[in-house]
Amino acid sequence: MKVLRTPDHRFKNLKDFPFEPNYTNIKDKSGVELRIHHLDEGPKDGPIVLLMHGQPVWSYLYRKMIPYLTKAGVRIIAPDLVGYGRSDKPSSIEDYTYQTQVDWMNTWIRQNDFKKLTFFGQDWGGLIGLRVIADNGDRFSGAVISNTGVPLSRNMDPETHRKIKEFKASKYVPTTSEFVRAFKKPGPMAFAYWQKWSLNKKNFPAGLLVAPMFEKRTRMQMKISGLFYELGLEGISPLVSDLEKAYNAPFPNSSYKMVCRAMPSQVPTLPDDAAVEAQKKAWKFFEKFDKPLLCAFADNDPVTVGMDKPFLKKCPGTKGQNHTVLKGAGHFCQETQPKEISEIIVNFMKSNGIMNGSN
């Protein structure tokens, strides 16, 4: 395994990100050493909240929430998943699977011996983090999840299964406009377009995907910015905002972006996907998980709509919790409603005795 490391200068002078880095060196199962970065903010003796990010972002996503949480007396641990942020980046698409991401974070959490954790995860932060909870249940006091889950395709009809399998196996690569049009109709085929598009997007436009969700861009500005990415020149684009720069920071060039291309295809959307058995095992755990678990999902995220329902139905820990619908928060609620999410986490910890250490 060849491993890349983003130069430190890429992370200097990022807007609203004054936090010092912390590093842990772990050994991959193959024996390769990987350096994993995390933020550690707030009182060292405070109750710990573990914040895990998703795709294609990094711990910068939590910069707005950290001041609210630390002010409430919470200690924040926010890692960068392997391949993202300041963490090391294996250079091959094949290095990244759902299971390897879980294994890396299992090793990281055990090596740091983090305990009595309250978990918050969104997007892949939840997909990976919830599996980590299932593997390390005694280390967690509770969890708040948003726009995420433990996806498991159970009842897909054979015809849809066949069409998606054939589409993913074909040599056809959707254009960006075709992917965008397909994604306007949420469903298994739309997600297959996202998987196929991402896998084949050599210079995956991380910053350009995320920043315009929160900044106004004209259609012409998006086209010009897209052209800079296609040419591998996004670093000199006159249209790059501070926010876009920050989400591009981990990726000096396309060789650092393999994780962004790989991970969408690792979401188990088909009944015969590689992660299905591990997902079933995780669900058996959560069907008996009686520690507090709260769902705070946005009402307008087409990607994860309905993924809270299995938890509300099957997980004992969800009973009696103040589950919340985030109105208009979108997929990345950490950017759009940081105060609200932070208050939900703190109130969850207070109401379940976690703030005073009784849990």
Open item on the list: For Lys163, only one of the following conditions fails: (1) over 21 Å from His37 (Cβ atoms); (2) assigned to a loop (DSSP other than H, G, I, E, B). What is its number?
Closed with: (2)
- [ ] Filter segment 152-167 down to the residues that are in contact (Cβ under 8 Å) with a residue 40 or more places away in the chain and not aliphatic (A, V, I, L, M), then identify the one that is nearest to Lys223 (Cα to Cα).
- [x] Lys165
TODO: Run down Gly137, Gly121, Gly142 and say which single residue is assigned by TED's automatic domain parsing to the domain that holds Asp301, surrounded by 16 or more Cβ atoms within 10 Å (Cβ to Cβ) and farther than 20 Å from Tyr96 by Cβ.
DONE: Gly142
TODO: Could you pull out the residue among Gly42, Gly31, Gly46 that is touching a helix residue (DSSP H, G or I) at 6+ places or on another chain (Cβ under 7 Å), not aliphatic (A, V, I, L, M) and not assigned by TED's automatic domain parsing to the domain that holds Val259?
DONE: Gly42
TODO: Enumerate the helices (runs of 4 or more DSSP H) found wholly within segment 259-359, keeping only those where 3 or more residues are under 19 Å from the mean Cα position of the chain (by Cα) and more than 15 Å from Pro151 (Cβ to Cβ).
DONE: 333-336, 338-351
Task: Search result, residues across segment 4-43 that are within 20 Å of Ser92 (Cα to Cα) and in a loop (DSSP other than H, G, I, E, B) - done: Arg5, Thr6, Pro7, Asp28, Lys29, Ser30, Gly31, Val32
- [ ] Name, by its number, the condition in (1) at pLDDT 95 or above; (2) hydrophobic (A, V, I, L, M, F, W, C); (3) more than 20 Å from Phe348 (Cβ to Cβ) that does not hold for Trp194.
- [x] (1)
TODO: For residues that are buried (at least 16 other Cβ atoms within 10 Å of the Cβ), more than 15 Å from Gly85 (Cβ to Cβ) and hydroxyl-bearing (Ser, Thr, Tyr), tally how many sit in segment 1-45.
DONE: 0
Open item on the list: Going residue by residue through segment 59-66, is there one that turns out to be assigned to a loop (DSSP other than H, G, I, E, B) and at negative phi?
Closed with: yes
Open item on the list: Quick check on Leu312: is it modelled with pLDDT of 95 or more, surrounded by fewer than 17 Cβ atoms within 10 Å (Cβ to Cβ) and hydrophobic (A, V, I, L, M, F, W, C)?
Closed with: yes
Open item on the list: Can you list residue pairs whose Cβ atoms sit under 6 Å apart, with the first residue in segment 242-260 being over 18 Å from Trp124 (Cβ atoms) and the second being in a loop (DSSP other than H, G, I, E, B) and of a type outside the set (Ser, Thr, Tyr)? Count only pairs 6 or more apart in sequence or on different chains.
Closed with: Asp242/Lys15; Ala246/Leu14; Ser254/Lys202; Ser254/Asn203
Task: Condition met for Ser265 (of a type in the set (S, T, N, Q) and either farther than 25 Å from Thr336 by Cα or assigned by TED's automatic domain parsing to the domain that holds Arg63 (or both)) - done: yes
- [ ] With respect to Thr100, determine if the residue is in the same structural domain as Tyr60 (by TED's automatic domain parsing), crowded, with 23+ Cβ neighbours inside 10 Å and not in a loop (DSSP other than H, G, I, E, B).
- [x] no
- [ ] Can you tell me which residue within segment 324-341, out of those that are without any contact (Cβ under 8 Å) to a residue 60 or more places away in the chain and charged (D, E, K, R), is nearest to Met52 (Cα to Cα)?
- [x] Glu340
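The values are calculated or read from the model by the stated rules, or taken from the named source; none is laboratory data. From a predicted model like this one, the values you see are computed outputs, not experimental measurements. For neighbour counting, all protein chains shown are included, and Cβ atoms are generated from backbone atoms with ideal geometry for every residue, glycine included.
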